[in-house]
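The values are calculated or read from the model by the stated rules, or taken from the named source; none is laboratory data. Computed from a predicted model, the values in this text were never measured in an experiment. Here the Cβ positions follow ideal geometry from the backbone for every residue, glycine too, while neighbour counts run over all protein chains shown. Surface areas here come from the heavy atoms of the whole protein model, side chains and all, with no ligands, DNA or RNA. Shrake-Rupley method; radii C 1.70, N 1.55, O 1.52, S 1.80 Å.
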Amino acid sequence: NYYVPYSIAKEYGLKFVFGAEAYWVKDRLKEYPIGINEKTGETKYSKDKTNCHIVILAKTEKGRQSINDILAEASITGYYYRPRVDLELLLSLPPEDVFINTACIAFWHYEDIEDIVIKLHNHFKENFMLEIQYHATEKQINLNKRILELSKKYNIEMIVGLDSHYIYPKDSSQRDYVLSAKNVHYEDEDGWYMDYPDDETVMKRFLEQGVFTKEQIQKAMDNTDITLTFEEFYFND
């Protein structure tokens, strides 16, 4: 449905960036033993439902087509409850034509995630960054500390992500209505910020975490300007 935000961007003079926050697993095809069938005694198998998150953005038209290709494959060979890309599909993307970042806390589920980060960085190089967020939660603060260590260890840039679900805090009730209608409730949202604040508020929230210096935060904020270097997309009306 990306033609809808494209039309809105066109109407209001905004830059349209094509991309997706995708579910990913290490191997979309592999089946893992999950127990024994009590009736038959046979081993039961299941595919991976870890469903980590990752952000994939197109820098060029070639990148847009490549992203569409792997999302289509995720809906065919990668579908298991949800469409899932995997490392094979991610590493098939042309590194100069897409931009990848590690999305929210849901990127970091696997125990060998550091090795995976290295693989992604080696493939996408400067087009791969580690996303930091400013939620006032112990999990986010501890994750940001780990991200800072990885950033220094492997010389990977950090980039700010806001996880915005609405613009102003007063709009949160509208999101609550939507979730209630879908019978959806998230248990761990206490301390999350899901609005779309100005730069001063972003800086304040990060400094309150006590993880990054002001200079590190500003650099990660400035890195979001990478989207200004992406090609403009034009679709037929």
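Evaluate the following for TYR6: is it part of a strand (DSSP E or B), surrounded by 13 or more Cβ atoms within 10 Å (Cβ to Cβ), aromatic (Phe, Trp, Tyr) and in contact (Cβ under 8 Å) with a residue 60 or more places away in the chain? So TYR6 does not fit the description; no. Filtered by the rule that a residue be touching a strand residue (DSSP E or B) at 6+ places or on another chain (Cβ under 7 Å) and surrounded by fewer than 16 Cβ atoms within 10 Å (Cβ to Cβ), region 86-109 gives ALA106, HIS109.
Among the residues of region 206-237 satisfying the criterion of being β-branched (Val, Ile, Thr) and touching a residue at least 12 places away in the same chain (Cβ under 8 Å), which is farthest from GLU138 (Cα to Cα)? The extreme case among them is THR229.
Looking at SER164, is it more than 20 Å from the chain's Cα centre (by Cα), open to solvent by less than 80 Å² (accessible area, probe 1.4 Å) and hydroxyl-bearing (Ser, Thr, Tyr)? No.
Which of the residues belonging to region 134-146 are part of a helix (DSSP H, G or I) and out of contact with any helix residue (DSSP H, G or I) (no Cβ under 8 Å at 6 or more places or on another chain)? Of everything in region 134-146, those that are part of a helix (DSSP H, G or I) and out of contact with any helix residue (DSSP H, G or I) (no Cβ under 8 Å at 6 or more places or on another chain) turn out to be GLU138, ASN142, LYS145, ARG146. Keeping to region 129-163, report how many residues are more than 13 Å from ALA220 (Cα to Cα), among the hydrophobic types (A, V, I, L, M, F, W, C) and touching a Phe, Trp or Tyr at 6+ places or on another chain (Cβ under 9 Å). Residues in region 129-163 being more than 13 Å from ALA220 (Cα to Cα), among the hydrophobic types (A, V, I, L, M, F, W, C) and touching a Phe, Trp or Tyr at 6+ places or on another chain (Cβ under 9 Å): 2 in total. The residues listed here are GLU149, GLU131, GLU111, GLU96; of these, the one that is assigned to a helix (DSSP H, G or I) and of a type in the set (Asp, Glu) is GLU149.
Is it the case that ILE116 is surrounded by 14 or more Cβ atoms within 10 Å (Cβ to Cβ) and either touching a residue at least 60 places away in the same chain (Cβ under 8 Å) or part of a helix (DSSP H, G or I) (or both)? Against the criterion (surrounded by 14 or more Cβ atoms within 10 Å (Cβ to Cβ) and either touching a residue at least 60 places away in the same chain (Cβ under 8 Å) or part of a helix (DSSP H, G or I) (or both)), ILE116 qualifies.
Of all residues in region 73-85, those that are open to solvent by less than 40 Å² (accessible area, probe 1.4 Å), closer than 16 Å to GLY19 by Cα and of a type outside the set (A, V, I, L, M) total 1. Among the residues of region 51-66, those identified as open to solvent by 50 Å² or more (accessible area, probe 1.4 Å) and under 18 Å from VAL85 (Cβ atoms) are LYS62, GLN65.
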